[in-house]
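Here's the structure we're looking at; comments come further down.
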Amino acid sequence: MNSSAWERHLITTILAHPELQTWCGHLDVRLPELREIQKVAGFKSSDEVLEIGCGNGLGSAFFSKIVRSIVASDLPAVDHSAHAIGLEKTRRLFELAEVDNGRIEGCSAQQLPFPDASFDAVLSLCVLEHMPDKLACLQECRRVLRPGGRLIAAVPAAGWSLFYTLGFYHDFALRL
């Protein structure tokens, strides 16, 4: 399945199971970001990729058909103080979308349970700003990267705080 067909498959899967979205309209915000990252990330079909802070697993699922393998990692349980939603949505998305080259790992990005030089790329999508110890996280990312590997990190712009707050209350009102 090519990447366009895979993207349509993911969209269809998530729209059929709206509980997989982190918030109402999640796809509308995240898909354009993922498409841009795909353009600049330089992923190869031989790449082994780690995503830290995977949330609902959309990023890992999206890139899974481009790379050899992907590990979606996040804190294993819901922890609102750490902005963690647990891994149940990721498991469900991988199952429903039939992500066959992905694995899910419960762990902190500040203490990754992987050997040195395990991955060609580490993906961090709106995660670093939530890390209590950003330096430890970045050191761990560097440690698990192979020589010549790359860290692909996206962090929200300053205006994101306003957008997120407005989106939260809109989503909250819809759920009422």
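Summing charges over neighbours of Pro76, with a neighbour being any other residue whose Cβ is under 13 Å away from its Cβ, gives -2 when K and R count +1 and D and E count -1.
Let me check something: with ligands and nucleic acids excluded, how do Ser3, Ser108, Ser45 order by accessible area (1.4 Å probe), largest to smallest? Provide the component values of the computation, followed by the final result.
Numbers: Ser3 55, Ser108 35, Ser45 95 Å².
The residues order as Ser45, Ser3, Ser108, largest area first.
Counting only Cα atoms, the chain measures 49, 39, 28 Å along its principal axes, largest extent leading.
For the stretch 22-64, report the convex hull volume of the alpha-carbon atoms normalised per residue, in Å³, without decimals. Before the final figure, lay out the partial values.
Values: hull volume 2.8 nm³, N = 43.
So the per-residue Cα hull volume is 66 Å³.
Average accessible surface for the stretch 1-116: 48 Å² per residue, computed with a 1.4 Å probe over protein heavy atoms with every protein chain in place. Per-residue ellipticity at 222 nm, computed for the chain from helices alone with -39500 (n - 2.57) per DSSP H run of at least four residues, works out to -13000 deg cm²/dmol.
Residues Thr90, Thr12, Thr22, ordered by accessible area of protein heavy atoms at a 1.4 angstrom probe radius and largest first, appear as Thr12, Thr22, Thr90.
Taking all protein chains together and rolling a 1.4 Å probe, Asp100 ends up with roughly 120 Å² accessible.
From largest accessible area down, sort Trp23, Trp6; use a 1.4 Å probe on the protein chains. Display every interim value, and only then the final one.
On the way: Trp23 55, Trp6 10 Å².
Heavy-atom accessible area, descending, gives Trp23, Trp6.
Computed over the chain with a Gaussian network model linking Cα atoms closer than 10 Å, the most mobile of Glu140, Glu19, Glu36 is Glu36. For the chain, set up a GNM with springs between Cα atoms under 10 Å and report which of Leu151, Leu96, Leu58 has the largest fluctuation. Top of the fluctuation ranking is Leu96. Considering only Val49, Val40, Val99, the Gaussian network model of the chain with Cα springs below 10 Å gives its largest mean-square fluctuation to Val40.
The values are calculated or read from the model by the stated rules, or taken from the named source; none is laboratory data. Keep in mind the model is a prediction, meaning the values are calculated, not measured. Note that we place each Cβ from the backbone using ideal geometry, even for glycine, and neighbour counts take in every protein chain shown. In case anyone asks, the SASA skips ligands and DNA or RNA and just uses the protein heavy atoms, side chains included. Shrake-Rupley method; radii C 1.70, N 1.55, O 1.52, S 1.80 Å.
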